[in-house]
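The values are calculated or read from the model by the stated rules, or taken from the named source; none is laboratory data. Since the model is a prediction, treat every value here as computed from it, not as a measurement. A quick note on method: Cβ atoms are made from the backbone with ideal geometry, for glycine too, and the neighbour counts reach across all protein chains shown.
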Amino acid sequence: MQSTLGEFQETASQEAFALQNSKLLKISLNQITIQAKLGSMVAYQGDVKFEHAGAGGMSRFIKKAVTGEGTQLMKAAGTGELFLADTAQDIHLIKLENDQITCNGANVLAFDAGIDWDIKKVEGGFAGAMAGGLYNMALAGTGWVAIISDGPPVLLNTGDAPTFCDPNAAITWSSGVQTQIKTDANLKTLIGKGSGETIQMGFVGAGWVLVQPSEGRIAGPTAGSSGSGGGGLLGNLGG
């Protein structure tokens with residue numbers, strides 16, 4: 001049989017997390033347990049077991065319930081190759097080395113056994129109180145983190161100038177960056193004639209923020225679903 005399917009052969013990599021392509025993540029399991037977005041499995045080969053991850057403790061359970069932040073997670077363990085994706089979105093890999101990043105929970109696809117997570121509030125004083133507070137997932141430790149973006153993102157250096165983003169477009173940022181909530185509330189806003197960009201996230205300090213060209217997709221049912229999800233390796237990112 002002749003075909004053009006050869007270009008889609010399974011990729012070979014020595015790393016546990018690797019991009020099969022820009023929208024498909026390959027994880028090589030070797031008796032390790034990873035956590036991934038619930039319903040993101042599209043295929044696997046070998047002996048892989050799945051279970052609901054839960055919140056990982058009462059403190060995080062309460063935070064998720066109160067804030068609505070975080071994504072529904074599953075655990076995958078065993079041996080073989082696991083392929084993950086989410087609605088053909090672009091996938092990006094970050095390797096932490098005893099470091100931390102903060103992510104919009106909806107943009108977290110998977111992370112490996114050496115990574116712990118928690119939910120943290122964006123500081124913002126009175127402006128933050130007006131906005132009701134914003135919450136994100138903090139991922140810390142050593143290992144791989146896979147995140148997704150709705151289209152090709154831009155990586156902004158926050159050390160060059162104060163940086164402001166739509167809260168749903170800023171999908172992840174480095175540990176050295178200070179965040180705050182900015183509100184452009186005025187009389188026009190109160191009477192419905194504002195710009196529509198009333199709430200913004202500010203980033204200050206040495207580091208970076210990754211911004212997707214979208215305010216995010218409307219979340220659909222995840223349990224039992226299988227998306228196809230999405231690409232690029234973020235290399236040499238300073239914290």
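A few comments on the model shown:
- Here the condition is being on the phi > 0 side of the Ramachandran plot, at pLDDT 95 or above and either surrounded by 14 or more Cβ atoms within 10 Å (Cβ to Cβ) or touching a strand residue (DSSP E or B) at 6+ places or on another chain (Cβ under 9 Å) (or both); of Gly216, Gly151, Gly133, it holds for Gly151 alone.
- Residue in the stretch 7-18 that is modelled with pLDDT under 95, within 21 Å of the chain's Cα centre (by Cα) and not aromatic (Phe, Trp, Tyr) present: yes
- The stretch 90-130 - residue that is aromatic (Phe, Trp, Tyr) and modelled with pLDDT of 90 or more and, of those, surrounded by the most Cβ atoms within 10 Å (Cβ to Cβ): Phe111
- Residue in the stretch 68-84 that is of a type in the set (D, E, K, R), part of a helix (DSSP H, G or I) and modelled with pLDDT under 95 present: no
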